[in-house]
Amino acid sequence: MGTMCKAFVLVVIALVFAIPSRACAKEKHFEQVRAFLISKAARCTSCHIAAQSGKLNAYGERIAGLPNDDPLADRIAALESEPSGMADAQERRRAEKNRDVDGDGVLNWIEILADTNPADKDDKPTVDRVKHIEAVISCKLCHRATNLPGEGLAANPHNEFGELLSTTYVKRSGRKNPRGPDAERAAAERTQILTRLSLVRKNRPKKSKATYWQKIRLLHGPADPDDNPSREELRSFKKQIKRQKGRSKRDPNLGLSADAHKPDGFFLDAAKLD
Ligand code: HEC
Ligand code: HEC
């Protein structure tokens, strides 16, 4: 093979690997936000056979079966993630089984957000509830659309919340901060997505009583002005968050708030979220 040709082959290989890895980096945004929502909505019994038992149910076993040195955060995200475009038929079947451990036709993450048990095939949400969760907790949290013709952000335009996150980064006092829109966007891109969500946790859309983050937690489209939680929904959510922060009145069966589960991996970026 001539040197020209070798160089060409190398460029092609580089491109083939560069394109999916960029796409993957973006899908990480979604996977990390989703895993964090799972960690908040889950009950001990989503993963354990009983609230005060260390013993795992089928879903918990599947998570425990992933490489054990990986943080729980990463294992939850990995179990729920879609197979990559390069996966073969066998890998796809395995991913499908992992994503719906009880085989009731509803993915684990949707069951957890809907407060049904991902390890019990007789417990699942209604079709309407599934559709609603899939529609809201999607790329549409931050994008008006994805995969339109074209490339990059032209093909995946942001909504107002995505726009906000795309210019959110940690400002450091006494250090040189980025100047101009391009430098700001680059600084944002280097900031973990859950860190960015923490930084804007108090921001709210115009005319909304709920913050973007409260809307997401309550499964309402953060940038959809026609989809808002009711006053009562918001009030009881705020109360619940407050209770969970205290030691005495909190529900000990909720989330990952057990001594056995100190936040790890990318969940640490979200220390200040809710
Ligand atoms: C998203 C799934 C998930 C949720 C929710 C969850 N756990 Fe776990 N838990 C696990 C896994 C998986 C392990 C096994 C250790 C590992 O693989 O990291 C574990 C381990 C434990 C252990 C240690 C058991 C042992 O024998 O060492 C205790 C105790 C525990 N969990 C208590 C709780 C409590 C209490 C809650 C609710 C507040 C809870 N867990 C919520 C997945 C979960
Ligand atoms: C929590 C918000 C959020 C979610 C959810 C999200 N994105 Fe994004 N996305 C962003 C932000 C912000 C950027 C701009 C780059 C950056 O700042 O990291 C971006 C950039 C992108 C880009 C790259 C455009 C470029 O610069 O070339 C693509 C492609 C993309 N997202 C696709 C998706 C897809 C597909 C999903 C669903 C699986 C998704 N995103 C979910 C926030 C999000």
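The values are calculated or read from the model by the stated rules, or taken from the named source; none is laboratory data. The structure displayed is predicted, hence computed values, not measured ones. A quick note on method: Cβ atoms are made from the backbone with ideal geometry, for glycine too, and the neighbour counts reach across all protein chains shown. Note: areas computed on protein heavy atoms with side chains; ligands, DNA, RNA excluded. Shrake-Rupley method; radii C 1.70, N 1.55, O 1.52, S 1.80 Å.
For THR167, work out the one condition from (1) in contact with a helix residue (DSSP H, G or I) (Cβ under 7 Å, 6 or more places away or on another chain); (2) over 16 Å from ALA188 (Cα atoms) it doesn't fulfil.
(2)
Output the residue which, of all residues in segment 182-205 that are outside any helix (DSSP H, G or I) and polar (S, T, N, Q), is nearest to GLU163 (Cα to Cα). Before you say what the answer is, go through the steps one by one.
Just the residues of segment 182-205 that are outside any helix (DSSP H, G or I), to begin with: 190-192, 200-205.
With polar (S, T, N, Q) added as a condition, the list becomes 191-192, 203.
On the way: THR191: 14, GLN192: 15, ASN203: 13 Å.
It comes out as ASN203.
Listed here are the residues, each with its yes/no results for (1) among the basic types (Lys, Arg); (2) open to solvent by less than 50 Å² (accessible area, probe 1.4 Å); (3) under 30 Å from ASP70 (Cβ atoms); (4) modelled with pLDDT of 95 or more.
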{"residue": "LYS176", "(1), (2), (3), (4)": "yes, no, no, no"}
{"residue": "LEU197", "(1), (2), (3), (4)": "no, yes, yes, yes"}
{"residue": "VAL200", "(1), (2), (3), (4)": "no, yes, yes, yes"}
{"residue": "LYS209", "(1), (2), (3), (4)": "yes, no, no, yes"}
{"residue": "ASP224", "(1), (2), (3), (4)": "no, no, no, yes"}
{"residue": "PRO229", "(1), (2), (3), (4)": "no, yes, no, yes"}
{"residue": "LYS242", "(1), (2), (3), (4)": "yes, no, no, no"}
{"residue": "SER248", "(1), (2), (3), (4)": "no, no, no, no"}
{"residue": "ASP274", "(1), (2), (3), (4)": "no, yes, yes, no"}
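Inspect segment 129-140 for any residue being open to solvent by 30 Å² or more (accessible area, probe 1.4 Å), more than 17 Å from the chain's Cα centre (by Cα) and more than 10 Å from ligand 2 (Cβ to nearest atom) and give the result as yes or no.
Yes, because at least one residue in segment 129-140 is open to solvent by 30 Å² or more (accessible area, probe 1.4 Å), more than 17 Å from the chain's Cα centre (by Cα) and more than 10 Å from ligand 2 (Cβ to nearest atom).
Under the condition of being within 16 Å of ligand 2 (Cβ to nearest atom) and among the polar types (S, T, N, Q), which residue from segment 69-119 is modelled with the lowest pLDDT?
In this case the residue turns out to be SER84.
Check PRO83, PRO118 and return the single one that is touching a Ser or Thr at 6+ places or on another chain (Cβ under 7 Å) and open to solvent by less than 70 Å² (accessible area, probe 1.4 Å).
Sole residue among the options that is touching a Ser or Thr at 6+ places or on another chain (Cβ under 7 Å) and open to solvent by less than 70 Å² (accessible area, probe 1.4 Å): PRO118.
Report, by residue number, each residue of segment 152-162 that is near ligand 2 (Cβ under 8 Å from one of its atoms) and either touching a helix residue (DSSP H, G or I) at 6+ places or on another chain (Cβ under 6 Å) or open to solvent by less than 80 Å² (accessible area, probe 1.4 Å) (or both). Write out each step before concluding.
Residues of segment 152-162 that are near ligand 2 (Cβ under 8 Å from one of its atoms), as a first pass: 152-153, 155-156, 158, 161-162.
Scanning segment 152-162 gives GLY152, ALA155, ASN156, HIS158, PHE161, GLY162.
Assess whether PRO149 counts as being touching a His at 6+ places or on another chain (Cβ under 9 Å) and more than 7 Å from ligand 2 (Cβ to nearest atom).
no
Okay, residues lined up against (1) charged (D, E, K, R); (2) free of Cβ contacts under 8 Å to residues at least 12 places away in the same chain:
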position: LYS176; (1), (2): yes, yes
position: GLU184; (1), (2): yes, no
position: GLN192; (1), (2): no, no
position: LYS207; (1), (2): yes, no
position: LYS215; (1), (2): yes, no
position: LEU218; (1), (2): no, no
position: PRO225; (1), (2): no, no
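Looking only at residues that are modelled with pLDDT under 95 and outside any helix (DSSP H, G or I) in segment 12-61, which one is surrounded by the fewest Cβ atoms within 10 Å (Cβ to Cβ)?
That would be GLN52.
Residues of segment 257-267 being at pLDDT 90 or above and either open to solvent by less than 50 Å² (accessible area, probe 1.4 Å) or not in a loop (DSSP other than H, G, I, E, B) (or both), which ones?
Passing the criteria: ASP264, GLY265, PHE266, PHE267.
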